[in-house]
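Novice: Sending over a structure as structure tokens; questions will come in a sec.
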Amino acid sequence: MKTFITTVGAVAAMLLAQASPAADEITPEARLAAQHVAVMTCATCHGPQGRSVAPKFPALAGQHPKYLVAQLEAFKSQTRGDADAIGYMWGMASPLSDEMIAALAAYYAAQTPVAGSAGDAGAIARGADIYANGVAAEGIPPCIACHGPGASGTDDYPRLAGQHAQYLLKQLRSFQNNMRNVAVMHGVAQDLKANEMEAVAAYLQSLGSR
Ligand code: HEC
Ligand code: HEC
């Protein structure tokens, strides 16, 4: 009986570890190896500590680890497939082991999120309204329902606050045309108009700006 319970406990612990690798489950060796890869390779585009400058490259600092793991796995398994994902990230992710992916995710999640940058005040105000209330007449749900107050995300939904508007806008287009094929965000984005996408992207980029 005792063995049975211990085994069930061990299996449950393994499943939990797979679902969401907690930072304290990563070995010091894996942590060091991930830091090396982040500094030597990923930083070329994503910037030091995941604080990218060029708007084509998403900021990774402060992103939730479960989301980062899911995206790196999606690049590796070639299921996240718009042109930039294919061109930049499929090759980057293909050699990464599961352990390295978990350690890289923990590394970026532990960094202080980027402060956003301001933009057009009118677009930001319109975007704030869409974020909080959706667009009822067009069947667009409030983004806040999943991405949370301040767009800081949760364990299950990515952080959007402070992200480059250009990157966000491109993702919304890719969800809409299914190049990035995710049912839930396709449903959200399918009826978003171009000017609504631009407004919500401007709002999200502005969050945390000083
Ligand atoms: C040559 C440039 C380049 C390098 C080097 C690079 N990336 Fe990327 N990465 C990109 C681009 C471009 C995107 C956005 C792809 C898109 O638009 O869908 C991206 C997207 C991502 C995303 C998705 C972020 C999100 O918000 O969904 C993660 C995670 C990521 N990269 C992690 C890494 C890691 C870890 C490394 C190092 C092993 C790395 N990248 C190296 C260019 C790069
Ligand atoms: C029902 C929940 C839900 C709602 C509502 C929602 N999202 Fe999302 N969103 C998600 C999920 C889940 C993902 C992660 C998709 C994946 O796994 O690739 C996501 C991803 C995103 C991304 C990609 C982030 C990145 O770093 O690449 C953007 C941009 C985004 N959402 C914007 C919005 C906007 C803008 C709204 C409101 C108009 C919205 N979302 C409403 C669930 C939601």
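Novice: Tell me the residue from A151, A123, A161, A128 that is more than 10 Å from ligand 2 (Cβ to nearest atom) and under 17 Å from the mean Cα position of the chain (by Cα), please.
Specialist: Selected residue: A161, the only one of A151, A123, A161, A128 that is more than 10 Å from ligand 2 (Cβ to nearest atom) and under 17 Å from the mean Cα position of the chain (by Cα).
Novice: Related question: Looking at the range 140-163, which of its residues are surrounded by 18 or more Cβ atoms within 10 Å (Cβ to Cβ) and farther than 22 Å from A106 by Cα?
Specialist: I140, C143
Novice: Right, another one. Within 15 Å of ligand 1 (Cβ to nearest atom) and acidic (D, E) - does that describe any residue in the range 127-137?
Specialist: no
Novice: Across the range 85-99, what is the number of residues that are within 16 Å of ligand 2 (Cβ to nearest atom) and among the hydroxyl-bearing types (S, T, Y)?
Specialist: 1
Novice: Any idea how many residues of the range 82-115 are outside any helix (DSSP H, G or I) and surrounded by 17 or more Cβ atoms within 10 Å (Cβ to Cβ)?
Specialist: Final tally of qualifying residues: 5.
Novice: Within the set of pairs 6+ apart or on separate chains, which have a first residue in the range 29-48 that is more than 10 Å from ligand 1 (Cβ to nearest atom) and part of a helix (DSSP H, G or I), a second that is small (G, A, S) and modelled with pLDDT of 95 or more, and C-beta atoms under 6 Å apart?
Specialist: A30/A103; R31/A103
Novice: Which one is farthest from Q35 (Cα to Cα) among residues in the range 116-151 that are in contact (Cβ under 8 Å) with a residue 40 or more places away in the chain and in a loop (DSSP other than H, G, I, E, B)?
Specialist: For the range 116-151, the residue satisfying everything is G139.
Novice: From (1) of a type outside the set (S, T, Y); (2) touching an Asp or Glu at 6+ places or on another chain (Cβ under 6 Å); (3) near ligand 1 (Cβ under 8 Å from one of its atoms), pick out the condition that doesn't hold for K66.
Specialist: Going through (1) of a type outside the set (S, T, Y); (2) touching an Asp or Glu at 6+ places or on another chain (Cβ under 6 Å); (3) near ligand 1 (Cβ under 8 Å from one of its atoms) one by one, K66 breaks only (3).
Novice: So, one more: Somewhere in the range 164-183, is a residue among the aliphatic types (A, V, I, L, M), under 11 Å from A201 (Cα atoms), assigned to a loop (DSSP other than H, G, I, E, B) and not assigned by TED's automatic domain parsing to the domain that holds R51?
Specialist: No: zero hits.
The values are calculated or read from the model by the stated rules, or taken from the named source; none is laboratory data. As the structure is a prediction and not an experimental result, all values here were calculated from the model. Don't worry about glycine lacking a Cβ; one is built from the backbone with ideal geometry, like all the others, and counts go over all protein chains shown.
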